[in-house]
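The values are calculated or read from the model by the stated rules, or taken from the named source; none is laboratory data. Bear in mind the structure is a predicted one, so any value in this text is a computation, not a measurement. Cβ placement follows ideal geometry from the backbone for every residue including glycine, while neighbour counts extend to all protein chains displayed.
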């Protein structure tokens, strides 16, 4: 079978058999799918051999580039030992070693690691731990059954994580299935304080994405907000859950976003970059105080009854250990700082002047380029991604916000090319679109 025949067969089978996430399949089936067959460094390579800069880190998770020799070898070595072993009643070296490493690099109060396999589940676990913690404290604390979340929040797509989500496009349909959460205005500590003044006795935890609300379009929180949230949680005796699924492992310029304001959460949710973008793995870290509340005799039923078949998978843990080794060996965070500055300069030079761009939001290597308020039916953001693909880059929109989140390992040359492609693609995609009325006025 020729290369072109094979590609055509794969495309037809994709359209015939697959159902893609967050994708309107009717539109998808009208387009030729981009079929990625391999990758090198920060490039994705399709079945025709065409190369594309991985401008969104394969959905915000690739850190050191694809096929990094250290991580590849870590996975190969583990594969020669055991690919999977349950953690229900057993344990294994990669999970133990990774837990110790995570406790060493995360905020000091966090001492215990509970594994899962994706960010939504890491948040789901944090919610359940927070709820059960207060129930097991007993007495008046049993009233603490509610959660405060930010408007426009995104914590994943399972029922609990959707309940504390706040993006109507994703979540409104499922409202009858969800528990009710209190909503605070993002970045407004006064609004959160008013909610706590009224409801603290019934609130188990505040959950938020620190510094950047990613899926909301890279909404940035003002300096000092996270620190103020921590202070309010302490004052009102409420747990703080920080969802660093997207912001963790260097995305904001430090290993964890919490570090920017010296905040130590009670529960920390990690996923995406934890394995360097290799394999599904997530972790929920808790303080020793929370962990101790779950200890007791078997008949007391204080056990945390939660787990998954692939919890703490050895291959994934080995990849995570390899990724952390690369962070140290290649001084990833140290080398990232000048690239963050370069990215800001490039955005200012190539993207900010464009007539169809309303605003650029950047924190570290997390960028949201908000276009003018085009009619959603015009799918302006999607048009930009198709134009970028023709020019050799993979980027992804959130509505009218074009997201850039390249691997931390991207070269300065490729970073400049990525921003130039993005600028050219915005111009090409919006050139013939009607100017929104608000922008025109």
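Each residue in the range 1-42 was checked for being closer than 28 Å to residue 416 by Cβ and outside any loop (DSSP other than H, G, I, E, B), and 6 pass.
Quick one: would you say residue 45 is under 25 Å from residue 245 (Cα atoms), in contact with a strand residue (DSSP E or B) (Cβ under 7 Å, 6 or more places away or on another chain), outside the structural domain of residue 320 (by TED's automatic domain parsing) and not in a loop (DSSP other than H, G, I, E, B)? Let's see the steps before the verdict.
Values: under 25 Å from residue 245 (Cα atoms): no; in contact with a strand residue (DSSP E or B) (Cβ under 7 Å, 6 or more places away or on another chain): yes; outside the structural domain of residue 320 (by TED's automatic domain parsing): yes; not in a loop (DSSP other than H, G, I, E, B): yes.
It is false that residue 45 is under 25 Å from residue 245 (Cα atoms), in contact with a strand residue (DSSP E or B) (Cβ under 7 Å, 6 or more places away or on another chain), outside the structural domain of residue 320 (by TED's automatic domain parsing) and not in a loop (DSSP other than H, G, I, E, B).
Taking the range 420-435 as the range and being buried (at least 22 other Cβ atoms within 10 Å of the Cβ) and over 17 Å from residue 360 (Cα atoms) as the test, only 429 passes. Between 88, 98, 59, the distinction of being farther than 24 Å from residue 417 by Cβ and either without any contact (Cβ under 8 Å) to a residue 24 or more places away in the chain or surrounded by fewer than 19 Cβ atoms within 10 Å (Cβ to Cβ) (or both) belongs to 88 only. Test residue 104 against the criterion of being within 27 Å of the chain's Cα centre (by Cα), exposed (fewer than 15 other Cβ atoms within 10 Å of the Cβ) and modelled with pLDDT of 95 or more, and give yes or no. Yes; evaluated as a whole, the condition is true for this residue.
Given the residues 246, 286, which is the only one that is part of a loop (DSSP other than H, G, I, E, B) and in contact with a strand residue (DSSP E or B) (Cβ under 9 Å, 6 or more places away or on another chain)? If you could, list the steps in order and put the result at the bottom.
On the way: 286 fails: part of a loop (DSSP other than H, G, I, E, B).
246 is the lone residue from the list that is part of a loop (DSSP other than H, G, I, E, B) and in contact with a strand residue (DSSP E or B) (Cβ under 9 Å, 6 or more places away or on another chain).
For the range 304-313, does any single residue satisfy the condition of being out of contact with any strand residue (DSSP E or B) (no Cβ under 9 Å at 6 or more places or on another chain), outside any helix (DSSP H, G or I) and surrounded by fewer than 24 Cβ atoms within 10 Å (Cβ to Cβ)?
In the first step, residues of the range 304-313 are kept if they are out of contact with any strand residue (DSSP E or B) (no Cβ under 9 Å at 6 or more places or on another chain); the result is 305, 309.
Okay, now just the ones that are also outside any helix (DSSP H, G or I), so 305, 309.
So of that shortlist, the ones also surrounded by fewer than 24 Cβ atoms within 10 Å (Cβ to Cβ) come out as 305, 309.
Taking every residue of the range 304-313 in turn, at least one turns out to be out of contact with any strand residue (DSSP E or B) (no Cβ under 9 Å at 6 or more places or on another chain), outside any helix (DSSP H, G or I) and surrounded by fewer than 24 Cβ atoms within 10 Å (Cβ to Cβ).
For the range 396-409, a residue qualifies if it is out of contact with any strand residue (DSSP E or B) (no Cβ under 6 Å at 6 or more places or on another chain) and either within 18 Å of residue 350 (Cα to Cα) or surrounded by fewer than 24 Cβ atoms within 10 Å (Cβ to Cβ) (or both), and the qualifying residues are 397, 398, 399, 406, 409.
Matching residues to (1) without any contact (Cβ under 8 Å) to a residue 40 or more places away in the chain; (2) touching a helix residue (DSSP H, G or I) at 6+ places or on another chain (Cβ under 7 Å):
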{"position": "322", "(1), (2)": "no, yes"}
{"position": "332", "(1), (2)": "no, yes"}
{"position": "337", "(1), (2)": "no, no"}
{"position": "345", "(1), (2)": "yes, no"}
{"position": "350", "(1), (2)": "no, yes"}
{"position": "365", "(1), (2)": "no, yes"}
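Listed here are the residues, each with its yes/no results for (1) in contact with a helix residue (DSSP H, G or I) (Cβ under 7 Å, 6 or more places away or on another chain); (2) touching a residue at least 24 places away in the same chain (Cβ under 8 Å).
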site	(1), (2)
132	no, yes
138	no, no
141	yes, no
156	yes, yes
160	yes, yes
172	no, no
177	yes, no
182	yes, yes
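The single condition from (1) surrounded by fewer than 21 Cβ atoms within 10 Å (Cβ to Cβ); (2) within 30 Å of residue 413 (Cβ to Cβ) that residue 276 fails is (1).
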